[in-house]
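The values are calculated or read from the model by the stated rules, or taken from the named source; none is laboratory data. All figures in this text were calculated on a predicted structure; none of them were measured in a lab. Positions of Cβ are backbone-derived with ideal geometry, glycine not excepted, and every protein chain shown enters the neighbour counts.
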Amino acid sequence: MRKGLSAAGVTASLSFCLVANLVPLMTFPAVMPDVVGAWRLTASEAGWIGGIYFAGYAAAVPILASATDRVDGRPIVVASSVLGAVASLAFGLAADGFWVGLFLRLLGGAALAGVHMPGLVLLTERLEGPDQGRGASIYTSCYAIGSAGSFLVAAGIAVWLGWRAAFIAGAIAPLLAVAALAGLSAAPPRQTTVQAQIGFCDVLRNRPFMAYVFAFAGNTWEVFGIRVWFVACLAWMVQIPGNEMDLPNLALISGLAALAGVPVSIAVAEAASRWDQAAVIVLTCAVSVAVCLGLAATAGGSIAVVLILLILLQITSFADVGALGAGAVVLAEPARRGASLAVYALAGFTTGFLGPVTFGLVLDWFGSDSAAGWRAAFLTLTLGSAVAALAVWTVRRAGPPGQPGSGGARHRE
């Protein structure tokens, strides 16, 4: 590790920076029923606003993450944190309908793109050996802390001050993230050759790495699908005759469920590093598919059963994020790590956008007030973990010994 903060200090600083910038992430899903009522949105329109955040991320991440191969990523993270704060504040103060809300959420997603993967590059540049893989696992798993924190902050503020205040409060945390970068050492020297700067073709030819890209794409389809629609599903369930249940704030439930995914993700990542990585990830995906199928089978039934399954899906869908992130970092070529992580994030957040939107479209098609609509929508989520499992298992069978997926040993192509 290079001179500066200790490995734990680097990991803690950048993980805090990520968590703080994620506070605006789930504000809209947390207050979706309130915004839908105020703006009279259809399920499709709600799905677009819920998912467009991830489209903004996907559009910006190839530029912002790959730029870290050429310049110090710290200014990128600082500027993006400020932009994220402005987007959330403007939503709370000025958004008055579908198109303005859509644009501001798009802008917020682009801002997160300048923090998430650039922050991971900052971390991997400053850590070496086992510290690098462990730090990457913790950093990627902390995504759930930020996501859960977003639900919890939005739920708490909205109850007392209304949904607009939740967005205004969400603008404060990204500004706090700037201070987390103060103790980081200067960036190490970078290659400046054309080969190092233009590396996307080489990234795409790295087949083991690309398998993890496809796996992450499947993962985010499911993760963001359930996180955007969790509160709306519970709100629909409690309105069904016979399903009366005294529940706390629905966004609070979603946030706590997402938070529970953090230790599970860290544990899965640690297990994957010690044993057969692919087998651990595939088993985790299989459990998540089973939970999705359970939700599809029970939607519109007992609210107690559906509530348990929704909470489980928040956990199982996220459980392999840390293991996937650690595997991707190991397989990315060091000179093109920024470009590699840009491709990784682009694929993942593209499906992170498409998952919630597809969920909403299916709901509108089959009926957002019917059990058939919700059953069909939950069936679409099963595609995520199924694709992730297939991609990782393929690289396990094809890759030589020592690569992530063929056991605990780590190897860089």
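A single entry from VAL61, VAL71 fulfils the requirement of being of a type in the set (A, V, I, L, M), over 19 Å from GLY135 (Cβ atoms) and out of contact with any helix residue (DSSP H, G or I) (no Cβ under 9 Å at 6 or more places or on another chain): VAL71. Would you call PRO174 closer than 24 Å to ALA7 by Cβ, in contact with a Ser or Thr (Cβ under 7 Å, 6 or more places away or on another chain) and surrounded by 24 or more Cβ atoms within 10 Å (Cβ to Cβ)? Criteria not met by PRO174.
For region 24-85, the helices (runs of 4 or more DSSP H) that sit wholly inside it and include 3 or more residues that are over 15 Å from the mean Cα position of the chain (by Cα) and crowded, with 24+ Cβ neighbours inside 10 Å are 43-66. Can you pull out every residue in region 369-391 that is modelled with pLDDT under 85 and under 25 Å from the mean Cα position of the chain (by Cα)? Matches in region 369-391: none. Against the conditions (1) modelled with pLDDT of 85 or more; (2) of a type outside the set (Phe, Trp, Tyr); (3) over 20 Å from the mean Cα position of the chain (by Cα), ARG126 satisfies every one except (1).
If we scan region 95-107, do we find a residue that is of a type outside the set (A, V, I, L, M), over 17 Å from the mean Cα position of the chain (by Cα) and under 12 Å from LEU25 (Cα atoms)? Taking every residue of region 95-107 in turn, none turns out to be of a type outside the set (A, V, I, L, M), over 17 Å from the mean Cα position of the chain (by Cα) and under 12 Å from LEU25 (Cα atoms).
Taking residues in region 310-322 that are farther than 14 Å from ALA386 by Cβ, and partners anywhere that are surrounded by fewer than 23 Cβ atoms within 10 Å (Cβ to Cβ), the pairs with Cβ atoms closer than 6 Å and at least 6 places apart or on different chains are ILE315/ALA260; ILE315/VAL264; ALA319/VAL264; GLY322/ILE266. Within region 332-342, being surrounded by fewer than 24 Cβ atoms within 10 Å (Cβ to Cβ) and not charged (D, E, K, R) holds for PRO334, ALA335.
ALA7 meets the conditions (1) buried (at least 24 other Cβ atoms within 10 Å of the Cβ); (2) touching a Leu at 6+ places or on another chain (Cβ under 6 Å) in every case but one. The failed one is (1).
Pairs meeting the criteria (first residue in region 5-17 and within 15 Å of MET117 (Cα to Cα), second residue assigned to a loop (DSSP other than H, G, I, E, B) and modelled with pLDDT of 90 or more, beta carbons under 9 Å, at least 6 apart or on different chains) are CYS17/VAL115. Of all residues in region 6-23, those satisfying the criterion of being in contact with a helix residue (DSSP H, G or I) (Cβ under 7 Å, 6 or more places away or on another chain) and in a helix (DSSP H, G or I) are ALA7, VAL10, THR11, SER13, LEU14, SER15, PHE16, CYS17, LEU18, VAL19, ALA20, ASN21.
Scanning region 302-331 for residues that are assigned to a helix (DSSP H, G or I), surrounded by 24 or more Cβ atoms within 10 Å (Cβ to Cβ) and of a type in the set (Gly, Ala, Ser) yields SER317, GLY322, ALA323, GLY325, ALA326, GLY327, ALA328. Could you say whether any residue in region 395-412 is modelled with pLDDT of 80 or more and buried (at least 24 other Cβ atoms within 10 Å of the Cβ)? So far as region 395-412 goes, no, none of its residues is modelled with pLDDT of 80 or more and buried (at least 24 other Cβ atoms within 10 Å of the Cβ).
Are any of the residues in region 343-353 surrounded by fewer than 21 Cβ atoms within 10 Å (Cβ to Cβ), out of contact with any Ser or Thr (no Cβ under 8 Å at 6 or more places or on another chain) and either modelled with pLDDT under 85 or within 30 Å of CYS201 (Cβ to Cβ) (or both)? The answer is yes; a qualifying residue exists. In summary, helices (runs of 4 or more DSSP H) completely within region 124-175 and bearing 1 or more residues that are in contact (Cβ under 8 Å) with a residue 24 or more places away in the chain and over 30 Å from GLY37 (Cβ atoms) occur at 129-141.
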